[in-house]
Amino acid sequence: MSTLTRTPRPAQTLRTKKPLRVGAVAKNVTAIVLALVFVFPVYWMFSSSLKPQSEILTKDPVFLFSPTTENYTTATGVDLFWTYVTNSLLVTVGAVLLALVVALAASFAIARMRFKGRKGLVLTVMMAQMAPWEVMVIAMYMIARDGDMLNSIPLLTLIYFVMVLPFTIWTLRGFIAAVPVELEEAAQIDGCTRGQAFRKVIFPLLAPGLMSTSLFGFITAWNEFAMVLVLNKDKEAQTLTLWLTQFQTAFGSDWGATMAASTLFALPVLIVFVFLQRRAVGGMTAGAVKG
Amino acid sequence: MKRKLIAAIGVAGMMVGIAACGSEDGKGGTDASGNKTLTVWVMDGSAPDAWMAEVNKEFEAKHKGVKVKVEKQQWNGIQERVTTALSEDTPPDVLELGNTQTAGYAATGGLADLTGDKAKLGHDGWNKGMLASNELDGKLYSAPWYAASRVVVYDKTAFKKAGVTPPKTRQEWIDGLKKLKASDPKTQPIYLPGQSWYVYAGFVWDEGSDLAVKDGDKWKGNLSSPQAAAAMNFYKELQSYSTAPKDKDEATPQQSTDIVPKGGVASWVGLGWEAGGAIDAMKKAGKTADFGYFPIPGKTADKPGSVFFGGSNLAIAERSKNKDLAKEWLALAAGKQQMTAYAKATEGGLLPNTDAAQFKPAAGSFAEAMAKASSVGKITPVTPGWANVETAPNPIKDYMTKVLKGEDPKKAGEAADKVITERVNQQ
Amino acid sequence: MTVDSQGTATAAPVDAPGRAAGKSKTPPPPSGPKEVLQPPRGRRSLPGGLLPYLLVAPALLSMAVLLLYPLIRNVVLSFQQVNKREMITRETVWIGFENYTKLLGDADFWGVVVRSVGFTAANVALIMLLGTLIGLLLNRLGKKMRLVLSLALMFAWAMPIVASVTVFRWLFDEQFGVVNWLMRTLGFAGYEQHNWFETGFSTLVIVMILLVWGSIPFVALNMYAGLTTVGTELYEAARMDGASGWRTFWSVVFPNLKPFFMITTFLEVIWIFKAFAQVYAMNLGGPDRGSETLPVYAYIEGLGQQHYGLAAAISILTILMLIAAMSFYFRLILKQEDES
């Protein structure tokens, strides 16, 4: 993977040595500055979550403080905290799994088969990607209300599933197309059925694709706010995104608790990311052999 | 469409495991064993928990098999939530509504008509000033619950150091601020953000005018009037003693918890819970609050300045499945006995709906200053469209910022009136 | 309401490997898809003609029920007057095109449209430019530095929107802002209480910083992942020819990653155009309505004032505008479909 960084070097060494070093230093300095810029707001969220309330908003920012876990206690101590956690996980995982299964079938057809209406389908998927979910909230609300389906976790799961479906189809299609047809054919010549060929040959090669699309789906569903706010007024059916905002009230905002909650809220995404990213990129480079 | 959605679930096929989670309990009124649930929506911060628990205990003892479920709501985004809730088949049975918003909901037909229950609810004992917002076209749609108004909260130490005593007139007020500024340049004599529009409304009323006035059977904005300009000029003079942002209101950042506790503020205008919040926040930070309170001074010493009478009413949803029970609950919670307990629980920081339940405030307390001002409490125009005016972006706030930044009050007022007139006449 | 858009906007940094790989790495399958459908195997699977339809049926069906149907409801709503009263009474009041004529005849609406388009264009251009540069930088860094930078990007990307908007508001706050403090500390005058949200334009600039900050990780990480799929031989060949870095980019990297640029730009345009929470929460569309973009306008005029029919009409117009703006893209992508 680092071939690119290596390649230019010999070429440049032939010329002069100094510019190279300056170049390398400049590169690293830029990288560090950029890293700081990107991390600073995150750091500010995290450090604020450890500050006592009186040190969060100050004329001169407080960099040194004695950390407190008080905000975390407040954040996780709210009523129904574990209900929100359970709901968020159910909705997110349910939507992602559902999307993967449905999208796998559809994207296989799109990538590997010629059929009438295929182009129309591609166009549909792209248009679906543009769906303005936020403004459809009221229409969705009226449908759910008239169908007596408010405060329903299954409905929310299904909505999130359709929210992430177009992107999942789109992405998986690319991954499937990347698997050489010859591999599949070889398997079929060896006596596999088409289904077996898919399971034994294509599916393993798709691992990185499945990982990365799950990640996308996870983030979308995990962060969704507008739908759950309007559809699920019953606290028992609400998710963690609503928990995040509950510390900001008209009677004063508990910024420490908000930031503590946000930090906790970001953790699963980070964990999923680190986990999937390694697998995905690893799988990707492994897959490079096939090229 | 119900079928279609169910079909979709069938297609999905995977949801069986979690289908059980879409709970419906507590909303439908009656469960399998015949027990009833009465759902009550109150705003966060309105009712002390202990008082609420006491009311419900008494209610549940009187009505066997009934459980009261209290759901706290945030003011943020409340209008949309109330609208959708009132449209549902199983809405909350009782809801707290802001007094500036009640008329708007009364006009939609979403609230139960309580005209026939006046006697039971104790209509005759209600504070007349608080009653107005509960009625529309001669009918009663809710019961007044509580009201509150703003007073000036000041730091006794800072005032003492500058040799300033609580003012009785506007002139004394300004003179005091001048002295405060001279005595400690690092402290702002008053923290007054540019968009504290409830404070401004009081000044408009002091001029004998209003934010919007009747024009035939319609309403029209009145900020381009000379009275509104006079009020704004006084606000501007006051605001010049503050370094608070000109384009923010008192809640961004929250003056009581984010500004005052940090020090450097000699006085500010706030509500009872704000003063309490500031005291708590200072305690947490290891400081002690030494607050005094005085009503907003009027033009002359004989009468304090007019103030906005913020407050809440309790209404019953028209679609409620338990209207009779809801009325019983309302009569109990808003009745004299419980209101007396309520006034006591809030230590007079919130005025109860009847003078008979009034709590005798301690000398020098916030409640005492507020009680002095309650004789001049007023509310925004009682018309269904007023609630629209208050939604963001609030034209009154934009008007204030513009004038504070130097625009001509008349010109800024005309722009604001255009928006106010349009919104106030909408349903 | 679009609190999720940032999450999505910064999502899935790793999808590009697949996409890029799918497009750029696989030698164009000589006649791949057709061969799959060759008759001999038809006997074992379902009738060849039916199978693809069966495979796409669940996806189509669920989109029809949960996306198309609400969308149709939305269109229907846009021809009705649905205010507070109608919402509560569930009355149906048809008003024909009134919502549309009201909007289309309103100068404010058109002002917002122009502002939104400009805002989106500026954002997407910046995001694509900086994202690409950072992606290229990632590719040229040593292993350790690359890890540091990608971790930083990941952190930014995982931060919830509620938190990021709040933190950005703090950073640029008039009284307590870290940025004002920094300017003061660096010795600049006039930052005692500088108001970064003085005008609609300055507010939008701050929103832009937030959006660009939040969107770059998606582009940069994708870009980097895509770059690793560009064969090193190609670079070497270009080097041998003595091509400059600039020319290498245009002659080697860009053509190979064209699908990546196309899709990413497409997604960013959609996400930025639809971004709501970041714009609204920063300054509520103020001062004096100066920082309202289309979704914020829809919220304020439609949902805030409880004119749900009007909100539906705005959303329909928004979709039509997006489709019109994107039709060029659709054509490009469909063309690409033909080629593959």
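Bear in mind these aren't lab numbers, they're just calculated from the coordinates by the rules spelled out. Because the structure is predicted, anything quoted here is derived from the model rather than measured. Here Cβ is always computed from backbone atoms with ideal geometry, including for glycine, and neighbour counts include all displayed protein chains.
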Inset, instruction - Output the antiparallel fraction of DSSP beta bridges having both residues in chain B, as a percent to the nearest 5. - result: 65 percent
Legend entry - For segment C:104-115, Karplus couplings with θ = phi - 60° (6.51, -1.76, 1.60), whole Hz, Gly/Pro x: 5, x, 9, 4, 4, 4, 5, x, 5, 4, 4, 4
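GluC sites (Glu not before Pro), restricted to segment C:116-221: which are DSSP loop and have at most 13 other Cβ atoms within 10 Å?
On the way: sites: C:E174, C:E192, C:E198; in loops: C:E174, C:E192, C:E198.
In loop regions of segment C:116-221 (DSSP not H, G, I, E or B), the sparsely surrounded GluC sites (Glu not before Pro) are C:E192.
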Inset, instruction - With r as the distance between the Cβ atoms of A:R114 and A:S66 and R0 = 56 Å, compute the FRET efficiency 1/(1 + (r/R0)^6) and round to 0.05. - result: 0.25
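Mind checking C:306-313 for the average number of partner chain beta-carbons within 10 Å of each residue's beta-carbon? Mind dumping the intermediate values first?
Working: counts 11, 2, 8, 1, 0, 4, 4, 0.
That average works out to 4.
If you average over every viewing direction, what projected area does the convex hull of the Cα atoms of segment A:93-200 give, in nm²? Don't skip to the end; give the middle numbers.
On the way: hull surface 34.1 nm².
Mean projected area of the Cα convex hull: 8.5 nm².
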Legend entry - GNM result for chain B, Cα springs below 10 Å: residue of B:E88, B:E207, B:E96 fluctuating most strongly: B:E88
Inset, instruction - Using the number of other C-beta atoms within 10 angstrom as an exposure proxy, rank C:W94, C:W213, B:W145 with the fewest first. - result: C:W94, C:W213, B:W145
Legend entry - Share of Cα-Cα pairs in chain B lying beyond 33 Å, as whole percent: 40 percent
Legend entry - Count of Lys pairs (Cα-Cα under 29 Å; at least 8 positions apart or interchain) in segment A:74-290: 4
Legend entry - Span per principal axis, largest first, for the Cα atoms of segment B:307-392 (Å): 46, 35, 20
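Helix-derived [θ] at 222 nm for chain B: sum -39500 (n - 2.57) over DSSP H runs of at least 4, divide by residue count, nearest 500?
Working: 17 runs with 166 residues, N = 427.
Using -39500 (n - 2.57) per qualifying helix, the result is -11500 deg cm²/dmol.
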Inset, instruction - Before anything else, pin down the relative contact order of segment C:186-340: Cα pairs under 8 Å, at least 6 apart, normalised by residue count, whole percent. - result: 25 percent
Inset, instruction - Straight distance only, please: which aspartates and glutamates reach the Cα of B:K220 with their own Cα at less than 16 Å, same-chain residues fewer than 8 apart left out? - result: B:D210, B:E390, B:E414, B:D417, B:E422
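Return the FRET efficiency for the residue pair C:W250, C:A122: r is the Cβ-Cβ distance, R0 is 22 Å, and the value is rounded to the nearest 0.05.
On the way: r = 23 Å, r/R0 = 1.06.
In this case the efficiency is close to 0.40.
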Legend entry - Diffusion constant of segment C:79-197 at 25 °C, which comes from Stokes-Einstein with the Kirkwood Cα-pair radius and 0.890 mPa s, µm²/s: 124 µm²/s
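Take C:R289, A:R199 and order them by how many other Cβ atoms sit within 10 Å, fewest up front.
Lowest to highest Cβ neighbour count: A:R199, C:R289.
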Legend entry - Inverse mean reciprocal Cα-Cα distance (Kirkwood Rh) of segment C:184-340, Å: 19.3 Å
Legend entry - Partner lysines for B:K128 [C-alpha distance under 22 Å; skip if fewer than 8 residues away on the same chain]: B:K118, B:K120, B:K139, B:K214, B:K303, B:K327, B:K336, B:K344, B:K360, B:K372, B:K378
Legend entry - Candidates A:N232, A:N28, A:N223, ranked by Gaussian network fluctuation over chain A, Cα under 10 Å, top entry: A:N28
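How large is the charge dipole for chain B, taken about the Cα centre, if only the Cβ atoms of Lys, Arg (+1) and Asp, Glu (-1) carry charge, to the nearest 20 debye? Walk me through the numbers on the way to the answer.
Working: 54 positive and 50 negative charges, 132 e Å.
About 640 debye.
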Legend entry - Residue-span extension gain [B:N35 to B:D49] - 0.36 nm each, minus C-alpha spacing: 2.7 nm
Inset, instruction - Return the distance in nm (one decimal) between the two label points of a simple spin-label model at A:I32 and A:T73, each offset 7 Å from Cα along Cα→Cβ. - result: 3.9 nm
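Ranked by Cβ crowding within 10 angstrom, fewest neighbours first, how are B:D258, A:D148 ordered?
A:D148, B:D258
What FRET efficiency comes out for B:A392 versus A:F203 if R0 is 30 angstrom and r is the Cβ-Cβ distance? Round to the nearest 0.05.
Working: r = 51 Å, r/R0 = 1.71.
Step by step, r from the Cβ atoms, then E = 0.05.
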Inset, instruction - Show which aspartates and glutamates lie in cross-link reach of B:K179 when reach means a straight Cα distance below 19 angstrom and same-chain residues fewer than eight apart are skipped. - result: B:D155, B:E237
Inset, instruction - Would you mind telling me which residue in A:Y141, A:Y72, A:Y43 has the biggest mean-square fluctuation in a Gaussian network model of chain A, where springs connect alpha carbons within a distance under 10 angstrom? - result: A:Y43
Inset, instruction - For chain A, calculate the relative contact order in percent as a whole number, restricting contacts to Cα pairs under 8 Å that are 6 or more residues apart. - result: 28 percent
Legend entry - Spacing of the two label points (7 Å from each Cα toward its C-beta) at B:K360 and B:T157, in nm: 3.3 nm
Legend entry - Debye intensity ratio in log₁₀ form over the Cα atoms of segment A:74-290, taken at each q of 0.17 Å⁻¹: -1.19
Legend entry - Rounded, prolate or oblate (a/c below 1.5 giving rounded, otherwise prolate when a/b exceeds b/c) for the protein assembly as shown by Cα gyration tensor: prolate
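Counting Lys and Arg as +1 and Asp and Glu as -1, each charge on the Cβ, what is the dipole of the protein assembly as shown about the Cα centre in debye, to the nearest 20?
Computed charge dipole of the protein assembly as shown: roughly 3440 debye.
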Legend entry - Label-to-label distance, nm, for residues given as C:V179 and C:E98 (7 Å Cα→Cβ offset): 4.3 nm
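What average number of partner chain Cβ atoms lie no more than 10 Å from the Cβ of the residues making up C:141-154?
Details: counts 8, 7, 3, 2, 9, 4, 0, 7, 8, 5, 5, 11, 4, 8.
Other-chain Cβ atoms within 10 Å of each residue's Cβ, averaged: 6.
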Legend entry - Residues with amide H under 5 Å from that of B:Q73, placed H, sequence gap 5 or more: B:V42, B:M43, B:D44
Legend entry - Furthest towards positive pole of dipole, A:F216, A:G147, A:L183, structure part chain A, Cβ charges: A:L183
